[in-house]
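Structure first, commentary second.
Read-outs: derived from the displayed coordinates by stated rules, not from any lab. Predicted, not measured: the structure shown is a model, and the values here were computed from it. Cβ atoms come from the backbone with ideal geometry, glycine included; neighbour counts cover every protein chain shown.
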Amino acid sequence: MMSLKLIFAVLAIAVFVNSQEVSPPPPPAPTTQPPPPPSATTECDNPIDLAFIVDSSSSVGADNFQLIKDFVYEIINGLNISETETRVTLARYNNWVDSRFFFNTHFDKSAMLDAVSNMPYYGRGTKTAQALHVVTSHHLQKYNGWREGVDAYPTVVIVLTDGRTKDFQDLGRFSRALKAKATRVIAIGVGDGAYADELVTIATAPSSE
Ligand SMILES: *[C@@H]1O[C@H](CO)[C@@H](O)[C@H](O)[C@H]1NC(C)=O
């Protein structure tokens, strides 16, 4: 059974992978205690535009999907949500992408937390590349509340997936398009069999380029 402790451990690895432009931190030591709260809450005392992309495919499973929801809930709960502070958008996906809310849908934290809690689980299929594309082209838009070009509001994207996408052939280019708009993309592996190479593709440019 996947535990939150494991999610945090995987988060540390994904963040490590994504922070290569900065000087590389020491490799995460094996821990028996959960590390401190995820970086999205600790490094972002300043307001951000935060996008969640959440995999609800059947390989993730309903139990792990609940853990993902708990994780997203706790992150949002630790942020200052308002029109002038942090804004959050969320897309859930399996075979299709479901835009649950945009940056300008909920400026009220409790309404946003309700939206997370009420997010349904759908199995069947994993189209991660398509989900990245929908967020890039549709969520990261001024008309949907994205504060494009405002340096005070960096765009942070957190992708939670088991990395078993069916549209892997599109993952490279849609990841690049997302990273061209976002300040930082963090990929978090969920489940025992998360495919690390997909997380690396999402979080960093492919090493061949
Ligand atoms: C929330 O706002 C308070 C008061 O401005 C500030 O002290 C705190 O650091 C903020 N927390 C986050 C996570 O942004």
*Scan the stretch 103-121 for residues that are assigned to a helix (DSSP H, G or I) and of a type in the set (A, V, I, L, M, F, W, C) and report the count.*
5
*Counting only residues that are buried (at least 22 other Cβ atoms within 10 Å of the Cβ), among the charged types (D, E, K, R) and away from the ligand (no atom under 15 Å from the Cβ), which one in the stretch 53-102 is farthest from GLU148 (Cα to Cα)?*
ASP55
*Taking ALA194 as the residue in question, decide whether it is free of Cβ contacts under 8 Å to residues at least 60 places away in the same chain and crowded, with 20+ Cβ neighbours inside 10 Å.*
no
*asked:* Filter the stretch 150-180 down to the residues that are farther than 18 Å from LEU199 by Cα and either out of contact with any Lys or Arg (no Cβ under 9 Å at 6 or more places or on another chain) or acidic (Asp, Glu) (or both) and list them by number.
replied: VAL150, ASP151, ALA152
*For ARG124, which of the numbered conditions (1) outside any helix (DSSP H, G or I); (2) touching a helix residue (DSSP H, G or I) at 6+ places or on another chain (Cβ under 6 Å); (3) of a type outside the set (Phe, Trp, Tyr); (4) under 26 Å from LEU171 (Cα atoms) fails to hold?*
(2)
